[in-house]
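I have placed the structure first, in the form of structure tokens, so that the comments after it can refer back to it.
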Ligand code: SF4
């Protein structure tokens, strides 16, 4: 894990993007805030600009330069979010913290989450669950909903795919389940990599065992981020992966259901 001191640059946080009117990251109309910094290096990642905590610039041949990310204070983030509070209220939505990994700089996330909680804004998080639980439990306690990933149940395969084993992730998921917070476990589904029945059924059994209202969302792999790698001059591994067919996803959702877990979709 990184040093836990907040605000990598003075009193500012590196925010990769704030996406308003989002409907895929929780209930109702939401603002999704993508915070920079991530401990994983998933080989299929479509947001490589969020890996480190500084803005990134790049360009495609013949195109003008594009910058991903900006440094904002908590007050500046809140000013932008509060303008959309009426949409959250009317739709049952709120704010979703995403990344990168939002817990990568716990001090930053804590400051933001507290500011939203003070204003009564409902909050969700999209997390890898790779963080120090003791250090972050108070933040989890202020959230209304958690989307947490399990990318593979086998620790060795998980490490080959993401650069990090899954021990801490599974341990945190057990603790998350014990809090009783509403949660969905997401699997980014990669054909021939983690979409075998054994892995999906094992994931479903884990979710059923540790969550009171066990729910899973299968997210078929996509390569929407491909251009960013070229833009930022980064090595990519897109050719390694394929999207599972609709039929395969439907089959796996039925498998999940047969294991006692509700398949859900926010797409
Ligand atoms: S956890 Fe998300 S942001 Fe981090 S490397 Fe994986 S896909 Fe990318």
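Looking across 207, 184, one residue alone is surrounded by 13 or more Cβ atoms within 10 Å (Cβ to Cβ), at negative phi and either within 12 Å of the ligand (Cβ to nearest atom) or not in a strand (DSSP E or B) (or both). It is 207. The criterion of being within 16 Å of the ligand (Cβ to nearest atom), surrounded by fewer than 22 Cβ atoms within 10 Å (Cβ to Cβ) and at pLDDT 95 or above does not hold for residue 72. State whether the residues of region 180-200 include one that is more than 18 Å from the chain's Cα centre (by Cα) and over 27 Å from residue 250 (Cα atoms). Looking for residues that are more than 18 Å from the chain's Cα centre (by Cα) and over 27 Å from residue 250 (Cα atoms), one finds at least one in region 180-200, hence yes.
Picking from residues in region 25-39 that are touching a strand residue (DSSP E or B) at 6+ places or on another chain (Cβ under 9 Å) and more than 14 Å from residue 144 (Cβ to Cβ), the one that is farthest from the ligand (Cβ to nearest atom) is 29.
The listed residues are 55, 48, 61, and the only one of them that is within 17 Å of residue 234 (Cα to Cα), without any contact (Cβ under 8 Å) to a residue 12 or more places away in the chain and either more than 15 Å from the ligand (Cβ to nearest atom) or under 19 Å from the mean Cα position of the chain (by Cα) (or both) turns out to be 61. For region 133-151, taking the residues that are more than 29 Å from residue 200 (Cβ to Cβ) and surrounded by fewer than 21 Cβ atoms within 10 Å (Cβ to Cβ), the one that is nearest to the ligand (Cβ to nearest atom) is identified as 135. For region 16-24, check the following and say yes or no: at least one residue is crowded, with 17+ Cβ neighbours inside 10 Å, away from the ligand (no atom under 13 Å from the Cβ), farther than 17 Å from residue 235 by Cβ and in contact (Cβ under 8 Å) with a residue 12 or more places away in the chain. Taking every residue of region 16-24 in turn, at least one turns out to be crowded, with 17+ Cβ neighbours inside 10 Å, away from the ligand (no atom under 13 Å from the Cβ), farther than 17 Å from residue 235 by Cβ and in contact (Cβ under 8 Å) with a residue 12 or more places away in the chain. Test residue 255 against the stated conditions and say whether it is under 26 Å from residue 103 (Cβ atoms) and either free of Cβ contacts under 8 Å to residues at least 60 places away in the same chain or under 16 Å from the mean Cα position of the chain (by Cα) (or both). No, not satisfied.
Could you run through region 10-35 and say how many residues are part of a loop (DSSP other than H, G, I, E, B) and modelled with pLDDT under 95? I'd like the intermediate steps shown before the answer.
Step one: filter region 10-35 for residues part of a loop (DSSP other than H, G, I, E, B), giving 10-11, 23-29.
Those still in the list that are modelled with pLDDT under 95 too: 10-11, 23-27.
The qualifying residues number 7.
A quick yes/no check of all residues on (1) out of contact with any helix residue (DSSP H, G or I) (no Cβ under 7 Å at 6 or more places or on another chain); (2) in a loop (DSSP other than H, G, I, E, B); (3) surrounded by 15 or more Cβ atoms within 10 Å (Cβ to Cβ):
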site: 222; (1), (2), (3): yes, yes, no
site: 235; (1), (2), (3): yes, yes, no
site: 239; (1), (2), (3): yes, no, no
site: 243; (1), (2), (3): yes, yes, yes
site: 247; (1), (2), (3): yes, no, no
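Beta carbons closer than 8 Å, at least 6 apart along the sequence or on distinct chains, pair a first residue in region 140-160 that is in contact (Cβ under 8 Å) with a residue 60 or more places away in the chain with a second that is in a helix (DSSP H, G or I) for 151/158; 151/161; 151/162.
Residue 84 meets the conditions (1) more than 26 Å from residue 151 (Cβ to Cβ); (2) surrounded by 22 or more Cβ atoms within 10 Å (Cβ to Cβ) in every case but one. The failed one is (2).
The values are calculated or read from the model by the stated rules, or taken from the named source; none is laboratory data. Note that the structure is predicted; figures quoted are calculated from it, not measured. Glycine gets a Cβ as well: all are built from the backbone with ideal geometry, and neighbour counts include every protein chain shown.
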